[in-house]
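First comes the structure, then the notes that go with it.
Please treat every number below as a calculation from the coordinates, not as lab data. Since the structure is predicted, the reported quantities are computational estimates derived from the model, not experimental observations. Positions of Cβ are backbone-derived with ideal geometry, glycine not excepted, and every protein chain shown enters the neighbour counts.
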Amino acid sequence: MLTIGAILFIIMFLLLAAITSILFLSYRESKSPAVKTLFNTFLFISLYALSLTTLSILAADYPNILIGGYNIAVVLAFLAISAIIRIPTFAENKFIYKNFKAFSWPVIFIGTIVICIQLIDPRIPIKSVDLIFWNASPIAAWLTGITILTYSLIWSFLTYKSALIVSAKEQRLKLYILAFDILCIGISAFLFFPSQNYWQSIASFMVIVPGYLITIIYFSYQKYIKPKHPAETS
């Protein structure tokens with residue numbers, strides 16, 4: 001029987017898979033480097049969710065597999081952050097462009113530290129009736145949560161600023177939605193990784209779902225429902 005935790009991970013993965021698929025199809029049509037980078041970001045997040053989903057369903061009774069699988073999931077989370085900083089609204093900001101290494105290297109450095117801590121100090125996940133608490137070293141857990149939140153806040157702020165100067169209403173709305181989505185991801189990560197109690201873990205999922213749903217609804221409307229101008233279909 002599936003636990004609540006496994007069901008929540010399945011829902012998260014399905015939502016992410018939908019967003020990733022839409023972005024992939026958009027990239028195939030547009031060949032836009034910006035869309036490709038955004039697709040890469042959500043691909044890594046989807047793989048992260050898939051790894052935790054698989055662990056929750058198939059390996060809940062195998063502590064060593066849970067430990068190794070969780071380490072892989074954390075690597076995927078840091079790869080997603082590495083992709084985020086290459087999205088144009090982040091990478092093309094004048095200050096960040098001039099100091100790109102100062103923003104990119106900390107992700108690699110902190111990610112390496114986190115994985116080393118988790119390898120040196122492996123801790124057995126705690127399995128409750130409904131959830132698996134991954135029980136990582138507090139230092140590693142907080143470093144992961146704070147890093148993802150920090151970069152998500154920066155990206156959301158820069159995307160919001162970009163939206164303010166975009167004249168096209170649809171493009172502006174798209175940027176607002178993406179900014180909200182990444183903000184939800186950052187807050188969710190901050191709650192999830194150091195979580196040691198049931199309600200904090202549940203809250204991390206509840207925070208992220210609205211962002212994913214709004215993104216799916218808007219992108220699907222733009223791609224499949226909204227009537228296209230003749231120039232767009234020619």
Exercise for the section: Rounded to the nearest 500, what is the 222 nm mean residue ellipticity of the chain from helices alone, with -39500 (n - 2.57) per DSSP H run of 4+ residues and division by all residues? Expected result: -26500 deg cm²/dmol
Fill in the blank from the handout: The size of the Cβ-based charge dipole (Lys, Arg +1; Asp, Glu -1) of the chain about the Cα centre, to the nearest 20 debye, is 820 debye
Practice task
Note down the relative contact order for region 4-225 as a percent, whole number, built from C-alpha pairs under 8 angstrom at least six residues apart.
Solution key: 19 percent
Handout entry: Sites residue 198 and residue 116 - FRET efficiency at Förster radius 30 Å, r taken between beta-carbons, to 0.05
Key = 0.55
Problem - Kirkwood hydrodynamic radius (C-alpha pairs) into Stokes-Einstein, the chain, 25 °C and 0.890 mPa s, D in µm²/s - result: 133 µm²/s
Problem - Cα-based reach from residue 31 at 26 Å (exclusive), listing lysines while leaving out same-chain residues under 8 positions away - result: 94, 161, 169, 174, 223, 226, 228
Handout entry: Linear extension gain, residue 97 paired with residue 224, 0.36 nm per residue minus alpha-carbon span
Key = 42.2 nm
Completion exercise
Rounded to two decimals, the Rg over Rh value of region 143-234 from Cα coordinates and the Kirkwood Rh reads 1.11
